[in-house]
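Scroll down for the structure; my scribbles are underneath it.
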Amino acid sequence: MSILTRKNDNRQVQNLRSDFFSLFDNFFDDFNIGFSDSSSFKPKINISEDDKNYYVDAELAGIKKDDVSIEYTNQILTITAKKQEEKEVKDKNYHRVESSYGTFSRSVQVPNVDYNNTKAKFEDGVLKITLPKKLENKTKISIE
């Protein structure tokens, strides 16, 4: 009997933990940190770097290339897009709809970028942005 009690206790702890993290997720969502959108559509982004470039990949499934814009101003990269709502199909009875639609804007700070040589590619629902790092003017000064 004690094993069953422990399993229930573990399940309760897991449920409490899940509720706790959901509370914080929902709290920060209310402030739209990193977003200014009118829907629940919040695509995921990955940011990485190597010695020469920063890389930003954004998952934009269901969005057309023409509905995406990218800006880089004051060390802030902003991706803005609009996901169009599909037209209602009258001969279907939907049991569940989880798709989100609307406009979103996602901004991230990316310092020290040579913005004149930035490249972006949109393929298979993924926006891939390459931001070359500015070469710093380093000069070795000899001491006399």
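How many of the residues making up region 50-82 are assigned to a strand (DSSP E or B), farther than 16 Å from E123 by Cα and touching a residue at least 40 places away in the same chain (Cβ under 8 Å)?
Just the residues of region 50-82 that are assigned to a strand (DSSP E or B), to begin with: 53-59, 68-73, 76-82.
Applying the additional criterion that residues be farther than 16 Å from E123 by Cα yields 53-54, 71-73, 76-78, 80, 82.
Okay, now just the ones that are also touching a residue at least 40 places away in the same chain (Cβ under 8 Å), so 53-54, 72, 77.
Adding up the residues that qualify gives 4.
Per-residue answers, yes or no, for (1) under 20 Å from K134 (Cβ atoms); (2) modelled with pLDDT of 85 or more:
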position	(1), (2)
L23	no, no
N74	yes, yes
R96	no, no
G102	no, no
R106	no, yes
N112	yes, yes
Checked against (1) in contact with a strand residue (DSSP E or B) (Cβ under 8 Å, 6 or more places away or on another chain); (2) hydroxyl-bearing (S, T, Y); (3) at pLDDT below 90, S69 satisfies every condition except (3)
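The values are calculated or read from the model by the stated rules, or taken from the named source; none is laboratory data. These numbers come from a predicted model, not from an experiment. No Cβ is skipped: glycine too gets one built from the backbone with ideal geometry, and neighbour counts run over all protein chains shown.
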